[in-house]
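The structure under discussion appears below in the form of structure tokens.
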Amino acid sequence: MTTAALRMQRQLADADISSLCDRVFVAQRDATAIPKLTDDYPQMTLADGYAVQFELLRRHMAAGQRQIGWKAGLTSKAKMDQMGVRVPTVGFLLADMFRPETSTIRTDDLVHPRVECEMAFVTKTRLSGANCSREEVLAATDFIVPAVEIIDSRFSGFKFDLPSVVADNSSSARYVTGGRARLPMDVDMSTLGVVMERNGEPVAMGSSAAVAGHPADAVALVVKVLDSLGEELPAGSFVMSGGITEAIAVSPGDHIGVRFQELGSVAMRFS
Ligand code: 0L1
Ligand code: MG
């Protein structure tokens, strides 16, 4: 799958997009698991998935919510192989999905949360275009900061396909930042080590190279996907670049601590 393939035509009518948006909206609001959307709409394409996601975003904005940026999903080779894609998905991030560092995060308003360690970028200039490069991303970056994404697929058993997971906002649910903000030129982002502990036990470790080869390349891919959808990344955007480690399931009572080489730690508890 290339970004050009994202320009393919939609198959579903506006009324179907609206009714699928209702389904996803209710599943996210009520934390209920639903079957993947293609069970009822087998003809649904990736373009339809983005149409549902963008309708979801419009509804949130109309209700007064604030978008602060985007996430890259499916950035690791393992997840891409599993889904048969070569380009990450994107999902929007709203201000009210943010949770402060060291806070206690509820799980009763989530279906089956999992945590991923990620590097987040905050931009100072606009990024756009189908040829966005790592160098352009680094030049446009104000600072980077360590982060944890809490993903929560609304599909039963985390079983979905590409159009469905894109419609579900790429499983976006919550995010936490912490540690130390750093200038992009002060850190070698190509091989930054990360260790995640659950209740004091190491449960995952990895290198930032797992994120599309380099986290800034993942941000460039986000810009390319947005371009194919007729969007750009405005200055001041917060972008989660993708999971450095596998996603780890969390339950009430769990404490998660992540140590990022050069960037400090991010910690939280779940209730
Ligand atoms: O952030 C991610 O990589 C998740 C993308 C959606 C797939 C999943 O829920 O694992
Ligand atoms: Mg993620």
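The values are calculated or read from the model by the stated rules, or taken from the named source; none is laboratory data. If you're wondering where the values come from, they're calculated on a predicted model, not measured in any experiment. Heads up, the Cβs are rebuilt from the backbone with ideal geometry, glycines too, and the neighbour counts pull from every protein chain shown.
Could you list, in sequence order, all residues of segment 58-74 that are more than 17 Å from the chain's Cα centre (by Cα) and at positive phi?
G64
Restricting the search to segment 151-190, which residues are part of a loop (DSSP other than H, G, I, E, B) and within 23 Å of A31 (Cα to Cα)?
Passing the criteria: D152, S153, R154, K159, F160, D161, D168.
So M44 fits all but one of (1) more than 23 Å from I150 (Cβ to Cβ); (2) within 16 Å of ligand 1 (Cβ to nearest atom); (3) not β-branched (V, I, T); what number is the exception?
Unmet for M44, out of (1) more than 23 Å from I150 (Cβ to Cβ); (2) within 16 Å of ligand 1 (Cβ to nearest atom); (3) not β-branched (V, I, T): (2).
For segment 21-36, check the following and say yes or no: at least one residue is within 16 Å of ligand 1 (Cβ to nearest atom), touching a Cys at 6+ places or on another chain (Cβ under 9 Å) and not hydrophobic (A, V, I, L, M, F, W, C).
No: segment 21-36 contains no residue that is within 16 Å of ligand 1 (Cβ to nearest atom), touching a Cys at 6+ places or on another chain (Cβ under 9 Å) and not hydrophobic (A, V, I, L, M, F, W, C).
Just the residues that are outside any loop (DSSP other than H, G, I, E, B), crowded, with 22+ Cβ neighbours inside 10 Å and β-branched (V, I, T), please, taken from segment 236-251.
Selection gives V239 alone.
Anything in segment 83-119 that is more than 12 Å from ligand 1 (Cβ to nearest atom) and small (G, A, S)? List them, or say none.
If the condition is that a residue be more than 12 Å from ligand 1 (Cβ to nearest atom) and small (G, A, S), then G84, A95, S103 are the ones that fit.
Of the numbered conditions (1) at positive phi; (2) touching a helix residue (DSSP H, G or I) at 6+ places or on another chain (Cβ under 6 Å), G49 satisfies every one except a single condition; which is it?
(1)
Show the residue pairs meeting these rules: Cβ distance below 9 Å; 6+ apart or different chains; first residue within segment 109-120 and under 16 Å from F160 (Cα atoms); second residue among the basic types (K, R) and near ligand 1 (Cβ under 10 Å from one of its atoms).
Listed by first residue and then by second, the contacts come to V111/R154.
Mind checking which pairs have a first residue in segment 74-89 that is of a type in the set (D, E, K, R) and a second that is within 11 Å of ligand 1 (Cβ to nearest atom), Cβ under 7 Å, 6 or more apart or different chains?
Note: pairs meeting the criteria are R86/M80.
Going through F92, F98, F158, F143 one at a time, which residue ends up being touching a Pro at 6+ places or on another chain (Cβ under 8 Å) and touching a residue at least 40 places away in the same chain (Cβ under 8 Å)?
On inspection, the qualifying residue turns out to be F143.
Please go through segment 252-268 and give me each residue that is of a type outside the set (A, V, I, L, M) and part of a strand (DSSP E or B), ordered by number.
H255, G257, R259, F260, G264, S265
Can you name the number of the only condition in (1) more than 12 Å from C117 (Cα to Cα); (2) at pLDDT below 95; (3) in contact with a Leu (Cβ under 6 Å, 6 or more places away or on another chain); (4) surrounded by 22 or more Cβ atoms within 10 Å (Cβ to Cβ) that M189 fails?
So M189 meets the others, but not (3).
Residues are listed down the side, and each one gets a yes or a no for (1) surrounded by fewer than 22 Cβ atoms within 10 Å (Cβ to Cβ); (2) in contact with a strand residue (DSSP E or B) (Cβ under 6 Å, 6 or more places away or on another chain):
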residue: T102; (1), (2): yes, yes
residue: V111; (1), (2): yes, no
residue: E118; (1), (2): no, yes
residue: K124; (1), (2): yes, yes
residue: L127; (1), (2): no, yes
residue: A130; (1), (2): yes, no
residue: R134; (1), (2): yes, no
residue: L138; (1), (2): yes, no
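(1) over 21 Å from A51 (Cα atoms); (2) within 12 Å of ligand 1 (Cβ to nearest atom): which one isn't true of I151, the others all being true?
(1)
Counting just the residues of segment 223-271 that are small (G, A, S) and free of Cβ contacts under 8 Å to residues at least 60 places away in the same chain, which one comes out farthest from G91 (Cα to Cα)?
Among them, the one singled out is G253.
Helices (runs of 4 or more DSSP H) wholly in segment 32-150 with at least 2 residues that are more than 18 Å from A216 (Cβ to Cβ) - which ones?
Where helices (runs of 4 or more DSSP H) fall fully within segment 32-150 and carry at least 2 residues being more than 18 Å from A216 (Cβ to Cβ), they are 46-62, 77-83.
If we keep just the residues of segment 221-248 that are farther than 14 Å from A210 by Cβ and hydroxyl-bearing (S, T, Y), which is nearest to ligand 2 (Cβ to nearest atom)?
So the residue we want is S237.
Among the numbered conditions (1) closer than 30 Å to D14 by Cβ; (2) surrounded by 15 or more Cβ atoms within 10 Å (Cβ to Cβ), tell me where K159 comes up short.
The failed condition is (2).
Determine whether segment 204-218 contains at least one residue that is in a helix (DSSP H, G or I), more than 15 Å from ligand 1 (Cβ to nearest atom) and over 30 Å from A51 (Cβ atoms).
Yes; the residues of segment 204-218 include at least one that is in a helix (DSSP H, G or I), more than 15 Å from ligand 1 (Cβ to nearest atom) and over 30 Å from A51 (Cβ atoms).
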